[in-house]
Amino acid sequence: MSDNIEPKEKKNKKILSLPVLPLRDVVVYPRMIMPIFVGREKSIEAVQYANDKGLQIALIMQKDPEIENPTAKDMYKVGTLGNILQMLRLPDGTVKILVEGIERIKVKDITDKKTFFLAEIENYPQKKGKETDMESWARAVISQFEEYVKLNKKFSPDVLHSVKQISEYDKLA
């Protein structure tokens with residue numbers, strides 16, 4: 001496979017070609033750091049390729065998590081650009097990675113390269129809502145989270161305090 005994955009400029013948008021990690025039961029949001037267990041051969045190849053080449057990876061949710069071997073049409077057109085922070089091969093052949101979500105991306109095209117999927121992606125700018133609407137939604141989310149923390153003893157009150165300090169709506173989400 002060609003290592004030509006240089007960014008292309010198209011109408012002031014940067015288009016990248018990156019390996020794809022199809023996700024089944026989890027969504028990785030921007031600013032989120034999450035461990036993911038990777039077991040499918042194509043997914044392992046994508047992660048290995050990205051890690052070896054020092055590339056980011058396109059984290060794209062599958063429409064149906066029951067599909068064992070997804071195709072391009074089985075994945076959504078919006079995902080998250082991710083950095084692989086750590087990669088660990090496990091004795092059973094699976095791989096555990098620690099990924100960091102960077103930003104939301106729009107999937108222009110997904111190509112099956114036989115060993116893994118390659119996606120042409122571009123940034124997906126965040127839409128700005130009315131400040132008053134965003135503020136009321138943020139208050140509602142924090143209030144619901146506060147109730148959740150009260151019911152779930154696994155959370156420390158410090159977590160709630162930290163959440164209440166978040167002033168950026170996208171980070172709160």
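Restrict the search to the stretch 127-173; then list the GluC sites (Glu not before Pro) that DSSP places in a loop and that have at most 16 other Cβ atoms within 10 Å of their Cβ. Walk me through the intermediate numbers first.
Working: sites: GLU131, GLU135, GLU146, GLU147, GLU168; in loops: GLU168.
Filter output for the stretch 127-173: GLU168.
Rounded, prolate or oblate: which one fits the stretch 60-114, using the alpha carbon gyration tensor with axes a ≥ b ≥ c (rounded when a/c is under 1.5, else prolate when a/b beats b/c, else oblate)?
oblate
Loop only by DSSP, 12 or fewer other Cβ within 10 Å of the Cβ. Give me the GluC sites (Glu not before Pro) in the stretch 25-93 that pass, ordered by residue number.
GLU66, GLU68
Which value in deg cm²/dmol, rounded to the nearest 500, describes the helix-derived mean residue ellipticity at 222 nm for the chain, given -39,500 (n - 2.57) per DSSP H run of n ≥ 4 and division by the residue count?
Using -39500 (n - 2.57) per qualifying helix, the result is -8000 deg cm²/dmol.
Might you tell me the accessible area per residue for the chain, computed with a 1.4 Å probe and given in Å²? Walk me through the intermediate numbers first.
Values: 11300 Å² over 173 residues.
For the chain, the solvent-accessible area averages 65 Å² per residue.
Charges only on Cβ, +1 for Lys and Arg, -1 for Asp and Glu: so what's the dipole of the stretch 12-61 about the Cα centre, in debye to the nearest 20?
That gives the stretch 12-61 a dipole magnitude of about 260 debye.
Report the extension gain between ASN83 and GLU146 in nm, rounded to one decimal, defined as 0.36 nm multiplied by the number of residues separating them, less their alpha carbon distance. Kindly include the intermediate steps, with their values, before the conclusion.
On the way: separation 63, 0.36 × 63 = 22.68 nm, distance 3.06 nm.
Difference between extended and current length: 19.6 nm.
Which of the peptides 111-124, 16-29 is most tightly packed, and how do the rest follow, going by the mean number of other Cβ atoms within 10 Å of each residue?
In descending order of packing, they fall as 16-29, 111-124.
Mean separation of Cα pairs under 8 Å and 6+ residues apart, divided by the residue count of the chain: what relative contact order is that in percent?
On the way: 297 pairs, mean separation 39.4, N = 173.
Here the relative contact order equals 23 percent.
Considering only protein heavy atoms and a 1.4 Å probe, what is the carbon-and-sulfur percentage of the accessible area of the chain?
Whole-percent figure for carbon plus sulfur exposure: 52.
Have a look at ILE102, ALA138, ILE60 and report the one farthest towards the positive end of the charge dipole of the chain, computed about the Cα centre with Cβ charges (Lys/Arg +1, Asp/Glu -1).
ALA138
Please give the solvent-accessible surface of ARG104 in Å², to the nearest 10, using a probe radius of 1.4 Å with every protein chain present.
Only protein atoms counted, so the area is about 90 Å².
Report, by chain and number, residues whose modeled amide H sits under 5 Å from the one on LYS113, excluding near sequence neighbours (fewer than 5 apart, same chain).
When sequence neighbours closer than 5 places are left aside, the close amide H contacts are LEU118.
From the P(r) of the stretch 5-130, could you give the percentage of C-alpha pairs in the tail past 21 Å?
Numbers: 2708 of 7875 pairs.
In whole percent, the long-distance tail amounts to 34.
The values are calculated or read from the model by the stated rules, or taken from the named source; none is laboratory data. Since we're looking at a predicted model, the values are computed, not measured. We place every Cβ from the backbone using ideal geometry, glycine too, and count neighbours over all the protein chains shown. For the accessible areas, the whole protein counts, side chains as well, though only heavy atoms, and no ligand, DNA or RNA atoms are used. Shrake-Rupley method; radii C 1.70, N 1.55, O 1.52, S 1.80 Å.
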